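Taking it in order: structure first as structure tokens, then the write-up.
No value in this document is a laboratory result; all are computed from the given coordinates. Because the structure is a prediction, the values reported are computed rather than measured. FYI the Cβ positions are ideal-geometry reconstructions off the backbone, even for glycines, and counts take in every protein chain you see.
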Amino acid sequence: MNYSLIKETIQLLEQFDMETKGKKKYSNNIDRFKQWVAGQYASEQRPFLESEWEGKEKGRTAESVINTLIVHLNRYAKTYSKAAIVGSDFRTQEEFIFLINLKAFGAMTKMELIKKNIYEKPAGIQIINRLILQGWVKQKDSKIDKRSKVIQITSKGLQALEKQMDKIRQATRIVTGDLNDTEKMELIRLLQKLDDFHKPIFCKNYDSSSLLENMVMDEAATKN
């Protein structure tokens, strides 16, 4: 048995625990550990490349560029999504995204569906109500919590989704542009890391007026 390898693996696990403990960037499971290891390896193997961007010489930060590009990509994706539902009974991309999640993950409560799609409750309820009105989903009382409603996709919803899936897949492929498979995997890793960071914050439902202040307090508490 290679005890040296076992020792090095334990040390790597200890480093993972130290760097991610309390930061909620990574869940405590093997998949997140493998992503972290892949990120460490990529950093070691690839020399740091200093990127150039508009306004850099005037003090524009990398964080500003990242935020702007994410906003731009969201708008591009919405444009392609709108094109994918032209001529269909879908009014918005949110409607088919909700249906796709119900098809993929099965029945769930209204709030589980809303949180899975990162929506605030009022907007999410409006989308669900439109889906019910169309007959694409149905709701029933939860067996676990009678106060909650469980949402399930109907055969009519599956038909509406399947009818549009070719165009939806086409729009999805366009969003990833000319990235090769390796670049796609790296982008998934980075976006997953950001999602792991932001989702717990979103789920706390901080009021907008106190969000930034609470973020500072949470960060200070984590460091302590």
Inter-site label distance for residue 71 and residue 210 at 7 Å from Cα along Cβ, in nm: 2.7 nm
Straight-line reach from residue 204: which aspartates and glutamates have a Cα under 20 Å away, not including same-chain ones fewer than 8 places off? 112, 120, 195, 196, 213, 218, 219
Using 29 Å as the Cα-Cα cut-off, could you pick out the over-long pairs in 82/184; 34/167; 34/116; 121/143; 34/82; 58/199? 34/167; 34/82; 58/199
In region 80-110, the trypsin sites (Lys or Arg not before Pro) that sit in a DSSP loop and have at most 14 other Cβ atoms within 10 Å of their own Cβ are 91
For volume of the Cα convex hull per residue in Å³ the list reads (1) 148; (2) 222; (3) 131; the calculated value is entry (2)
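Find how much the distance from residue 162 to residue 53 grows on full extension, using 0.36 nm per residue of separation minus their present alpha carbon separation; answer in nm with one decimal. Before the final figure, lay out each step's value.
Details: separation 109, 0.36 × 109 = 39.24 nm, distance 4.15 nm.
Fully extending the segment from residue 162 to residue 53 adds 35.1 nm.
As a footprinting exposure proxy, order 81, 64 by other Cβ within 10 Å, with the fewest listed first. Working shown, then result.
Values: 81 20, 64 13.
Going from sparsest to densest Cβ surroundings: 64, 81.
Summing -39500 (n - 2.57) over the DSSP H runs of n ≥ 4 in the chain and dividing by its residue number, what mean residue ellipticity at 222 nm do you reach, to the nearest 500 deg cm²/dmol? Intermediate values should be presented prior to the final figure.
Numbers: 9 runs with 148 residues, N = 224.
The helix-only estimate for the chain comes to -22000 deg cm²/dmol at 222 nm.
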Straight-line reach from residue 7: which aspartates and glutamates have Cα under 17 Å away, leaving out those fewer than 8 places along the same chain? 17
Mind pulling up the Rg/Rh value for region 70-196? Radius of gyration and Kirkwood radius, both on Cα. 1.00
